[in-house]
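The values are calculated or read from the model by the stated rules, or taken from the named source; none is laboratory data. These numbers come from a predicted model, not from an experiment. All Cβ positions, glycine included, derive from the backbone under ideal geometry; neighbour counts span all protein chains shown. When the accessible area is computed, the model is the full protein with side chains, heavy atoms only, and any ligands, DNA or RNA have been set aside. Shrake-Rupley method; radii C 1.70, N 1.55, O 1.52, S 1.80 Å.
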Amino acid sequence: MDMSFDIRGFLKPYEKVRTDLESVKNVFVTPFGVNSSRHELYNKLLEYNNKLSDLLEREAYSQWINGSFISLKESPRDIDLVSFISSDVVSRNQVELQSYIGEKGRKKFGIDGYIVKVYSEDHAHFVRTKSDYLYWEHWFGWSRKNRRRERFQKGFIEILF
């Protein structure tokens, strides 16, 4: 899918855009100067996902990426993301996954990461999965309020691992 930016520097189209790591590099890293934090953050994103994939024993997961990294900001502070991982896999790795979220993830990788347990449709807690998807879609699909208390639509990306 074609990615572009609106006049505020937000990703268009205003929806979840499925892409891959190579496209992330081409759109959100390469066009920026060598002094931009984007180059280091992208390398940290690769490290984060290589280690996460190893921990999950190559189980499939999806990841939504948002925030200033998915904008035209020259030097974002971090990368905001949420990983959607099978509930069984999360349960088996609950302790180890703590180093990929919150403050630990920010210190280690420069990643402001969250993890959502994905329950199968026939599971009693599947409604939690649906609720979490809606929550994150709303959170990632709109900007923060500006001084005039206005919010604006924006796109975010999804990568399948």
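Out of segment 63-72, which residues are open to solvent by 20 Å² or more (accessible area, probe 1.4 Å) and either without any contact (Cβ under 8 Å) to a residue 40 or more places away in the chain or in a helix (DSSP H, G or I) (or both)?
68
Hey, can you tell me all the residues within segment 37-62 that are out of contact with any strand residue (DSSP E or B) (no Cβ under 8 Å at 6 or more places or on another chain) and assigned to a helix (DSSP H, G or I)?
Matches in segment 37-62: 38, 39, 40, 42, 43, 46, 47, 50, 51, 53, 54, 55.
When residues of segment 10-27 are filtered for being open to solvent by less than 40 Å² (accessible area, probe 1.4 Å) and touching a Lys or Arg at 6+ places or on another chain (Cβ under 7 Å), how many remain?
So the answer is 1.
Exactly one condition in (1) part of a helix (DSSP H, G or I); (2) surrounded by 18 or more Cβ atoms within 10 Å (Cβ to Cβ); (3) in contact with a helix residue (DSSP H, G or I) (Cβ under 9 Å, 6 or more places away or on another chain) is not met by residue 113; state its number.
(1)
Given the criterion in contact with a Lys or Arg (Cβ under 8 Å, 6 or more places away or on another chain), open to solvent by 20 Å² or more (accessible area, probe 1.4 Å), outside any helix (DSSP H, G or I) and among the small types (Gly, Ala, Ser), identify the matching residue among 120, 75, 99.
Exactly one residue qualifies, and that residue is 75.
Output the residues belonging to segment 63-84 that are closer than 17 Å to residue 51 by Cα and either of a type in the set (Ser, Thr, Tyr) or out of contact with any strand residue (DSSP E or B) (no Cβ under 6 Å at 6 or more places or on another chain) (or both).
83
In segment 54-102, what count of residues is obtained for those that are over 11 Å from the mean Cα position of the chain (by Cα) and among the aliphatic types (A, V, I, L, M)?
Residues that pass the stated criteria total 10.
Does residue 8 satisfy the criteria of being among the charged types (D, E, K, R) and more than 13 Å from the chain's Cα centre (by Cα)?
In short, yes.
Only residues that are without any contact (Cβ under 8 Å) to a residue 60 or more places away in the chain, open to solvent by 10 Å² or more (accessible area, probe 1.4 Å) and touching a Phe, Trp or Tyr at 6+ places or on another chain (Cβ under 9 Å): list them for segment 38-58, please.
39, 42, 51, 55, 58
Would segment 37-53 turn up any residue that is over 14 Å from the mean Cα position of the chain (by Cα) and either β-branched (Val, Ile, Thr) or within 21 Å of residue 143 (Cβ to Cβ) (or both)?
Checked against the condition, which is being over 14 Å from the mean Cα position of the chain (by Cα) and either β-branched (Val, Ile, Thr) or within 21 Å of residue 143 (Cβ to Cβ) (or both), segment 37-53 yields at least one hit.
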